[in-house]
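Written below as structure tokens is the structure these notes are about.
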Amino acid sequence: MGEVAAEQDGVCRYPGCSREIVRSSGPGRPAEYCDLPEHTRWRAWKQRQRLQAAQEQLPDVPAPSAEYDGARVRAEELVRQYRLLSEQLTRNLRAGLDELATITDPSAAEAQIQAAQAEAAHRIAQAEQALATAQQQRREAEQARTAADEAAEDAAAAAEQAGHDAERARKERDDAVEQARAAQQQAQQDVEAARNEAEVARTAARREADEQVAEAREAIEQAKAAAAAEVQAAQERAREQIAEAGRQQAAATERAARAEQSAETAQAQRGRGRRR
């Protein structure tokens, strides 16, 4: 977010730089860094990596390629040699001029001048050749440096994109973990609610069963009481029936005795009648 804001405000994206970006009217991608030559995408990426490594106590990112460093060293050595040759040539010319001032023989002076001029021309040719070689190697080094910077910028852009992708992947992972945690919490709440509902249902069923058992016991007690009353009534009726049967049996026995007596009386009367 900070880099986007810096780019919108026209500030260099190099870490720690607050210089304004010089906008060009030409085609192509707008500039993102100031006019300092060391503030490039590659060096900005390296600086961010160094800062991040310092914060996280990680090893620093590797230095540029050895090929670029070797070309730069060779170019600097050739420039140094050219400077030394130029200084030596200047000293030789000054010594020759001083010596010419003391020479009285014009021919000898002319020969020395010619020899000095030849030597100077030879040294100048060598210096120019060394300079041309140094400039050629410097151009090659600059080209290698440009190619290395472009490759480094591409690598930095790829690294930034990889960082963005990794950040997005981490965010997606965190979102998935949060969703899983929320789903787990919701499942636990659902399980707890189901347990509570089941406990309430078990309590209600137990209460209803207890009430049904109490009602059944009460019905059994009432049935027992009714059965006992009915048995007692049946026993009373049986006793009354037995007593009635005894009374009927006594009456029958009495009737039979009276009948037997009447029969005996009649038989006795019949016997008396025959004797007469």
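The values are calculated or read from the model by the stated rules, or taken from the named source; none is laboratory data. Model, not experiment: these values are computed from the prediction. Note that we place each Cβ from the backbone using ideal geometry, even for glycine, and neighbour counts take in every protein chain shown. Keep in mind that these areas ignore ligands, DNA and RNA; they rest on the heavy atoms of the full protein, side chains included. Shrake-Rupley method; radii C 1.70, N 1.55, O 1.52, S 1.80 Å.
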Handout entry: Qualifying positions in segment 114-158 - of a type in the set (S, T, N, Q) and closer than 30 Å to ARG50 by Cα
Key = GLN143, THR146
Exercise for the section: Output the residue which, of all residues in segment 1-57 that are modelled with pLDDT under 75, of a type in the set (D, E, K, R) and assigned to a loop (DSSP other than H, G, I, E, B), is nearest to ALA156 (Cα to Cα). Expected result: ARG29
Problem - ALA144 vs. criteria at pLDDT below 85, open to solvent by less than 60 Å² (accessible area, probe 1.4 Å) and over 30 Å from TRP45 (Cβ atoms) - result: no
Problem - Residue within segment 199-209 that is of a type in the set (Val, Ile, Thr) and either closer than 30 Å to LEU89 by Cβ or touching a Pro at 6+ places or on another chain (Cβ under 6 Å) (or both) present - result: no
